[in-house]
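K.L.:
Let me begin by handing over the structure; questions about it come next.
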Amino acid sequence: MEKWLKGDERLDYLLAENLRIIQSPSVFSFSLDAVLLSKFVSIPSHKGSIVDLCSGNGVIPLFLSARTKGQITGVELQPRLLDMAERSVRYNQLENQIQMILGDVKEIPKQLGIEKYDVVTCNPPYFLAHEASDKNLSEHHAIARHELYLTLEEAIQSASKLLKQGGKAAFVHRPGRLLDIVTAMRANRLEPKRMQLIYPKEGKEANTLLIEGIKDGKPDLKILPPLYVYNENNEYTAEVREILYGKEQ
């Protein structure tokens, strides 16, 4: 096991997918948002080419590999996170399906090719560069969480450039940025088609937004039923348990 892990890293289960992922509390650990996005996005099950932007430790490519036989490319700016992702891909013996590359999302269409891909996913930094989130963030967490190197508009623009006409882009973000997201999507030929709001529990305000658009699609937005993360006993709801752990026998 030592050959797979460095420093304070640990090997966690992705239970519903029967996969493992390398994580680190000081460098990067994925959030529920990434899991929700990987379940929300519409992807072809047997073929197609998929790009995941802002991949972090590769959690979304790993989750997507359980849903499709298509080729998946993960893009990550930080070498330390990319290294974790590459080791997780090798550990799960998915090198033939998942390719992780070091790259700046703003430049990645030139590197990977314009209008070549069927699906793009992106879990971008949520916080504006000057906006406060957690105090004492490590550099790795700060880059992942704040728009220091990538704005929301730049992420949406790159996603559109990568996509073929009719291709799909899916994003996870904060509900407060909904109008910014829709405005940027439409400015970049991505027509919003599906949206879902995630709530911590019933009676609380939504704290997560999932949205999917089609490149050059016709206007027609479907709002999916709300998803609640916790029930009144502060336990995961049945829907979220199934997402995380698979269907109960």
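The values are calculated or read from the model by the stated rules, or taken from the named source; none is laboratory data. Note that the structure is a prediction, hence the values are computed from the model and not measured. Cβ coordinates were reconstructed from backbone atoms using ideal geometry, including for glycine residues, and neighbour counts include every protein chain displayed. Surface accessibility is based on the protein's heavy atoms, side chains included, excluding ligands, DNA and RNA. Shrake-Rupley method; radii C 1.70, N 1.55, O 1.52, S 1.80 Å.
K.L.:
Please work out how much length the chain gains when fully extended from L221 to L178, using 0.36 nm per residue of separation minus the C-alpha to C-alpha distance, in nm with one decimal.
P.N.:
Gain on extension, L221 to L178, equals 14.2 nm.
K.L.:
How far apart, in nanometres, would the label points at I101 and Y230 be if each is projected 7 angstrom from Cα along the Cα-to-Cβ direction?
P.N.:
Label-label distance for I101 and Y230, simple model: 4.1 nm.
K.L.:
List, in order, the whole-Hz ³J(HN,Hα) value for each residue of the range 102-110 obtained from phi through the Karplus relation with A = 6.51, B = -1.76, C = 1.60 and θ = phi - 60°; use x for Gly and Pro.
P.N.:
Per-residue couplings from phi come out as 7, x, 8, 3, 5, 9, 5, x, 5 Hz.
K.L.:
Where Lys and Arg each count +1 and Asp and Glu each count -1, what net charge lies around R194 among other residues with Cβ under 12 Å from its Cβ?
P.N.:
Local net charge: 0.
K.L.:
Over the chain, average the accessible area per residue using a 1.4 Å probe and give it in Å², no decimals.
P.N.:
Numbers: 12240 Å² over 249 residues.
Solvent-accessible surface per residue comes out at 49 Å².
K.L.:
Using 0.36 nm times the number of residues separating R67 and Q111, minus their current alpha carbon distance, what extension gain do you get?
P.N.:
Answer, rounded to one decimal: 13.2 nm.
K.L.:
Something else now. Ranked highest first by the average count of other Cβ atoms within 10 Å around their residues, in what order do 204-212, 159-167, 70-78, 105-113 fall?
P.N.:
70-78, 159-167, 204-212, 105-113
K.L.:
Nearest 5 is fine: what % of DSSP beta bridges in the chain come out antiparallel, could you say?
P.N.:
Roughly 45 percent of the DSSP beta bridges within the chain come out antiparallel.
K.L.:
Please compute the length gained on full extension between Y245 and K3, using 0.36 nm multiplied by the number of residues separating them and subtracting their Cα-Cα distance.
P.N.:
That pair, Y245 and K3, stretches by 84.4 nm at full extension.
K.L.:
How large, in percent, is the carbon and sulfur part of the accessible surface of the chain at a probe radius of 1.4 Å?
P.N.:
Result for the chain: 50 percent of the exposed heavy-atom area is carbon or sulfur.
K.L.:
OK, next. Just to confirm a number: summing +1 for Lys and Arg and -1 for Asp and Glu over residues other than L94 whose beta-carbon lies under 12 angstrom from that of L94, what do you get?
P.N.:
Result for the local shell: +1.
K.L.:
Within 10 Å, count the other beta carbons around each residue, average over each peptide in 116-125, 168-177, 222-231, and list them highest first.
P.N.:
Most protected by this proxy first, the peptides run 116-125, 168-177, 222-231.
K.L.:
Which of rounded, prolate or oblate describes the range 150-214 when judged by the alpha-carbon gyration tensor and an a/c cut-off of 1.5?
P.N.:
Numbers: a/c = 2.70, a/b = 1.94, b/c = 1.39.
In terms of gyration-tensor shape, prolate.
K.L.:
Based on the alpha-carbon gyration tensor of the range 1-64 and its eigenvalue square roots a ≥ b ≥ c, which shape applies: rounded if a/c is under 1.5, prolate if not and a/b is larger than b/c, or oblate?
P.N.:
prolate
K.L.:
Can you pull the Rg over Rh of the range 8-243, Cα-only, Kirkwood?
P.N.:
Numbers: Rg = 16.7 Å, Rh = 17.9 Å.
Dividing the radius of gyration by the Kirkwood radius yields 0.94.
K.L.:
First check a/c for the range 1-114, with a ≥ b ≥ c the square roots of the eigenvalues of its C-alpha gyration tensor; if it is under 1.5, answer rounded, and if not, answer prolate when a/b is larger than b/c or oblate otherwise.
P.N.:
In terms of gyration-tensor shape, oblate.
K.L.:
So the label point goes 7 Å from the Cα of K39 along Cα→C-beta, right? Which residues of the range 161-189 then have their backbone N under 12 Å from it?
P.N.:
It comes to no residues whatsoever.
K.L.:
Sticking with this structure for a sec: Please give the net charge around D104, taking every other residue with its beta carbon less than 11 angstrom from that of D104, where Lys and Arg add +1 and Asp and Glu add -1.
P.N.:
Computed value for this residue: -1.
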